[in-house]
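Visitor: Have a look at this one before I ask anything.
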Amino acid sequence: MRFTFSLCLLMLFWCSGAAFGDAPAVHISAKPNWLSTVKPYNQKPSSRTIERGFYYELLEEQVQVEKQADYNHIIRDIVSETGIQNASQISVSFDPAYERLDFHDITVWRDGKPLNRLKTSAFKVLADEKDLSNFIYQGSFSALYILDDIRKGDRIEYSYTITGRNPILNGKFCSNMYVQWYTPIAHHYTAIIASSHRKLNFKTFNNVPKVAVSEANGLKCYVYEGFQVPPAHDNDSQPSWYNERGFIQVSEFANWAEVVSWASSINPPSLNIKGELGERIAKLKKDAGDDKEKYFRAAVRTVQQEVRYMGIEIGEYSHRANNPEKVFRQRYGDCKDKSLLLVSMLKAGRIDASMVLVNTDMNEHVEQYIPTAYAFNHAVVTANVNGKQVWVDATMDNQGGEGTDIYFPRYGKGLILKPGSDGLAIIPPSKGGNVIGEDIYTVKDGKSPVLFTVKTTYTGDEADYMRGKLESSGMAETEKSYLDYYAKIYNKIEVKDSILVTDDLKSNKLITIETYKVGDFFKKDSTSDKLTADLFASFIYNQFPTITGRIKTPVSLTYPYDASYSIKVVLPGGWNINEDHDVINRDYYHYESDFTAAGDTLSLNYKLSFLKDNVPVNKLDEFKADIKKLNDTSLGYSFSYTPQETARPSTINSTLVLVVLLITAGLIVLGVWLYQRETPGIVFAYGSTFVPIGGWLILIAIGLAATALVTGSNMVTADYFSLHTWNVYHGNQHELNFRFLLVAEAIGNIILMMYAVFCLLLLINKRDILPGYITGYFVFAFVFFLTDYILAANISSKLAETALNPLVRSVITAAIWIPYFKRSSRVQETFVVPHPPYNYSYEGPGGPDASVS
């Protein structure tokens, strides 16, 4: 098979040379005499902007429309060893079918002296088939010159002219000319020279210098000159339609109607079809009878399934489709070949159909272009079937559905090639399919392998895609790749049964069911001897794009996308969990999750929908924060399991409970001891000096009681002792920090609660030691809440926000009440009761010397 494919390529190369004359070659000639003069510019760009070890001192491009000639003059400055690697070769692409390549000079400047390197024998002319992996052969070549002996500090200067235009444009001129590249440009000069009688239309995009227009000798010259042009920066995650580079669009087409007229003239549908195609059309008509919808679908399936995608787009066939009879006979063709074939078949069945030009990268953004032959990169079909407008991409295969119920990609806008069409047509969006995933873990006991079942349902275009993927990969390779994926999560996993696939073409629904046995689903907790398991919704997480901090462009989303996913765990003994619900609504995506349990089944349900095709730049920080939050808190779930006959899975962090109980017992003992310590050298005279509790002290009593009650309540309701809370950050970089914060909060809160109770008892009994201890209470509260805030801030901003309010309250409370207890005469007169009781003395009927034992 490999030999046959290689032989085919060799024949294609031979045919291209035979059809268009001599083998492609590089010629040497003098510079053209029609060039405009470029003034020298010697200022270098900032060294900080040079990223690949070199920069362009000059990028000069001059186009002579009437002579069909494109002149290029380039000077590269090598500033480092990296630049030697990246800039020491010259490569120029051209199509020998209609273009001639002439080099004028190649000079290496070293220490101000020129070294002539121009020689034809140094060039290697290689087939330049970058799209061959996509089954497109264009017939273009690259003239490659690898320069030897290039050193740091060298300047490489060369110039060449490509002469010739694709004859398919019938002499009309169209071009996209860039004035910004991915390397700094010190001086950029672009000139378009054309007859004064030729009406050219221009549009500039992004940062393009203002045009300077001059006229002489019946020619107009349009010059765009720029200086210190910074490099552009693309990233893999940006939408295909996004382009931040400055460029100039030039077109001789005055409007879209002219483009329609031109494209229709070179791609007319076949009307008198004979041969093998004629016989197939006759059969389809006979089978369909008067049912146009049935004939339509049969014609679509014929072109999609029987004619493979392969384009030989040499010369004028870059835009001209091959004859439909030829395409059907050879059983291959590119998008325009297959589209014209389908249009011809539909018209033969008395169905009005037309070819449509679209741009799969720009989609509806193609409307920003001025009318040009170069606005499109794909051809599709639209047809009117029984009064319903239907859109078809003939290059798609494995499409399910009945009749006209067929998915069509969201190309946004297209140019319909039919009489009267004078603008881009809006293409209504098709209803997208969805993916429904369900992972079920069935636990028999603590020793047996867990039965792991994965059921995935695909509908609409998702079913189309999956159907093709399964067909392309084969079942054996698919099973292997799936097993390899899960083996990264579970080391001891093995296939229980082969993948079961059910495919309903009529409803366009495809279901796959995978079954595995997992031997290491649980991990044993060394401290409690319980079995623990961690679950994570990778299915959802993997749909989010990767966003680095350096991205400054919109980020592409898979749109439309609608997925539902659930993880279910069937466990003997049932569940006792707190149900949870999370929702994030943005204008570009929607996420929600529900955690529930019923009987013996835990259900973690997720939904994700992308509502736009990109996240705008001003929302990237928000999106990154959302993804981090989901990864940290919502997409994961942990639980423990005690494999006993009547046991239920524990959700209590027993270790933390034990620690808190021990601390509580210790605090009670400490409180009793502190309360009963003797107050030495004090004799309290009870009677005329007694001042009862009142005034602001009532608020203190209420505050201490409220603090004890609220803190105790929060200890129970805030899930401090839940294993789910303990494992919220499991596997995350903040896991240890969060667990330390949880322990610190639990211990700090129990101390704060017991301290409040202790102070309340002192207050009620008017103990003389209250002012000192309550001052310590306010200081402890401040230190505790400050520590809590610092720890929380190191984990997430959301946790820090939650911790900020108690900190602020503690500062305000301490600022008010500490001075009050230090200076208030009421405090000094009220809290005078010592310990033990025999220190009491009375001023009563017995006189000042009387005492009570």
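The values are calculated or read from the model by the stated rules, or taken from the named source; none is laboratory data. Everything numeric in this text was worked out from a predicted model, so none of it was measured. Neighbour counts run over all protein chains shown; Cβ positions are idealised from the backbone, glycine included. SASA here: full protein model, heavy atoms, side chains in, ligands and nucleic acids out. Shrake-Rupley method; radii C 1.70, N 1.55, O 1.52, S 1.80 Å.
Visitor: Can you list residues whose amide H is under 5 Å from V555's amide H, if they're 5+ apart or on another chain and H is modeled 1.01 Å from N?
Guide: V615
Visitor: Continuing with this model, one more query. So for region 419-543, what percent of the C-alpha to C-alpha distances run longer than 23 Å?
Guide: Values: 3591 of 7750 pairs.
Summing the P(r) tail past 23 Å for region 419-543 gives 46 percent.
Visitor: Please list T546, T457, T532 from largest to smallest accessible area, probe radius 1.4 Å, with all protein chains kept in place.
Guide: Values: T546 110, T457 20, T532 40 Å².
Per-residue accessible area, sorted high to low, gives T546, T532, T457.
Visitor: For region 249-350, what is the relative contact order in percent, using Cα pairs closer than 8 Å and at least 6 residues apart in sequence? The partial results should precede the final answer.
Guide: Details: 93 pairs, mean separation 35.0, N = 102.
Reported as a whole number, the value is 34 percent.
Visitor: Further question on the same structure: Checking the cross-link filter: which lysines have an alpha carbon closer than 18 Å to that of K624, excluding same-chain neighbours under 8 positions apart?
Guide: K552, K612, K798
Visitor: Note down the net charge around Y98, summing +1 for each Lys or Arg and -1 for each Asp or Glu among other residues with Cβ under 11 Å from its Cβ. Present the calculation step by step, with values, prior to reporting the outcome.
Guide: Working: positive: R100, R165; negative: D95, E99, E316.
With Lys, Arg at +1 and Asp, Glu at -1, the net is -1.
Visitor: Name the shape class, rounded, prolate or oblate, that the alpha-carbon gyration tensor gives for region 183-270, where a ≥ b ≥ c are the square roots of its eigenvalues, rounded holds for a/c under 1.5, and otherwise prolate holds if a/b is larger than b/c and oblate otherwise. Could you put the intermediate results ahead of the total?
Guide: Details: a/c = 3.32, a/b = 1.18, b/c = 2.82.
Verdict is oblate for region 183-270.
Visitor: To continue, here is another question. Beyond 26 Å between alpha-carbons counts as too far, so tell me which of K347/K388; K568/K628; K388/K413; K568/K619 fall in that bin.
Guide: Working: K347/K388 15 Å; K568/K628 24 Å; K388/K413 18 Å; K568/K619 34 Å.
The answer is K568/K619.
Visitor: Continuing with this model, one more query. Which residues' amide hydrogens lie under 5 Å from the amide hydrogen of F54, considering only partners 5 or more residues apart or on another chain, with H built in the peptide plane?
Guide: Here V79 satisfy the definition.
Visitor: Give me the number: length gained by fully extending A625 to I668, i.e. 0.36 nm times residue separation minus the C-alpha to C-alpha distance, one decimal in nm.
Guide: Working: separation 43, 0.36 × 43 = 15.48 nm, distance 4.36 nm.
Result: 11.1 nm gained on full extension.
Visitor: Write out the chymotrypsin sites (Phe, Trp or Tyr not before Pro) in region 21-91 meeting two conditions: DSSP loop, and at most 16 other Cβ atoms within 10 Å of their Cβ.
Guide: Values: sites: W34, Y41, F54, Y55, Y56, Y71; in loops: W34, Y41.
Those satisfying the criteria are W34, Y41.
Visitor: What does the charge add up to near G420, with Lys and Arg as +1, Asp and Glu as -1, over the other residues with Cβ less than 15 Å from its Cβ?
Guide: On the way: positive: K418; negative: E258, D352, D422.
Neighbour charge sum, excluding G420 itself: -2.
Visitor: On to the next question. Return the ratio Rg/(2.2 N^0.38 Å) for region 308-348, where Rg is computed over Cα atoms only. All intermediate terms of the calculation are to be shown ahead of the outcome.
Guide: On the way: Rg = 9.5 Å, N = 41, 2.2 N^0.38 = 9.0 Å.
Compactness ratio reported: 1.06.
Visitor: How many angstrom separate the Cα center of region 437-457 from the Cα center of region 525-557?
Guide: 21 Å
Visitor: With an 8 Å Cα cut-off and a minimum separation of 6 or more residues, compute the relative contact order for the chain in percent.
Guide: On the way: 1584 pairs, mean separation 62.3, N = 853.
That works out to 7 percent.
Visitor: Excluding same-chain residues fewer than 8 positions from K496, which lysines have a Cα within less than 18 Å of its Cα?
Guide: K444, K447, K455, K480, K488, K517
Visitor: Leaving ligands and nucleic acids out of the surface, order K326, K524 by accessible area at 1.4 Å, largest first.
Guide: Working: K326 85, K524 140 Å².
These residues rank, largest area first, as K524, K326.
Visitor: Per residue of region 63-77, in order, report the coupling 6.51 cos²θ - 1.76 cosθ + 1.60 (Karplus, θ = phi - 60°) as ³J(HN,Hα) in whole Hz, putting x for Gly and Pro.
Guide: 10, 9, 4, 5, 8, 6, 10, 10, 9, 10, 10, 10, 10, 10, 9
Visitor: On to the next question. What residues have an amide H closer than 5 Å to that of I106, excluding those fewer than 5 places away on the same chain, when H is modeled at 1.01 Å from N in the peptide plane?
Guide: Here the answer is R117, L118, since their amide H atoms fall under 5 Å of that of I106.
Visitor: Within region 330-406, report the trypsin sites (Lys or Arg not before Pro) that DSSP leaves as loop and that have at most 12 other Cβ atoms within 10 Å.
Guide: R331, R350
Visitor: Here's something else I'd like to know. Based solely on its DSSP helices, what 222 nm [θ] is calculated for the chain when runs of n ≥ 4 H residues each add -39,500 (n - 2.57) and the sum is averaged over all residues, nearest 500 deg cm²/dmol? Let's see the in-between values first.
Guide: Numbers: 18 runs with 260 residues, N = 853.
-10000 deg cm²/dmol, from helical runs alone.
Visitor: Can I ask one more? List the trypsin sites (Lys or Arg not before Pro) within region 34-109 that fall in a DSSP loop (any state other than H, G, I, E or B) and whose Cβ has at most 11 other Cβ atoms within 10 Å.
Guide: Values: sites: R48, R52, K67, R76, R100; in loops: R52, K67.
Passing both the DSSP loop test and the Cβ count: no residue.
Visitor: Further question on the same structure: Can you run phi through the Karplus equation (6.51, -1.76, 1.60; θ = phi - 60°) for region 424-435 and list ³J(HN,Hα) in whole Hz, with x for Gly and Pro?
Guide: Working through the residues one at a time gives 6, 8, 6, 9, x, x, 6, 5, x, x, 9, 10 Hz.
Visitor: Still on this structure, please answer the following. Can you give me the span-like helices of the chain, meaning DSSP H runs with 15 Å or more of Cα extent along the axis and Kyte-Doolittle mean at or above 0.0?
Guide: Working: long enough: 2-19 (26 Å, 1.44); 256-266 (16 Å, 0.80); 275-288 (20 Å, -0.84); 292-306 (20 Å, -1.20); 335-348 (20 Å, 0.63); 461-473 (18 Å, -1.40); 475-487 (18 Å, -0.81); 654-675 (31 Å, 2.42); 697-717 (30 Å, 1.86); 735-764 (44 Å, 1.89); 770-793 (34 Å, 1.54); 797-823 (39 Å, 0.41).
Membrane-span-like by this rule: 2-19, 256-266, 335-348, 654-675, 697-717, 735-764, 770-793, 797-823.
Visitor: Please list 3J(HN,Hα) in residue order for region 587-598, calculated via the Karplus relation 6.51 cos²θ - 1.76 cosθ + 1.60 where θ = phi - 60°; whole Hz, with x for glycine and proline.
Guide: 6, 10, 7, 9, 9, 8, 9, 9, 10, 9, 9, 9
Visitor: Please provide three numbers in whole Å: the alpha-carbon extents of the chain along the principal axes, with the largest listed first.
Guide: Between the extreme Cα coordinates on each principal axis of the chain lie 135, 75, 51 Å.
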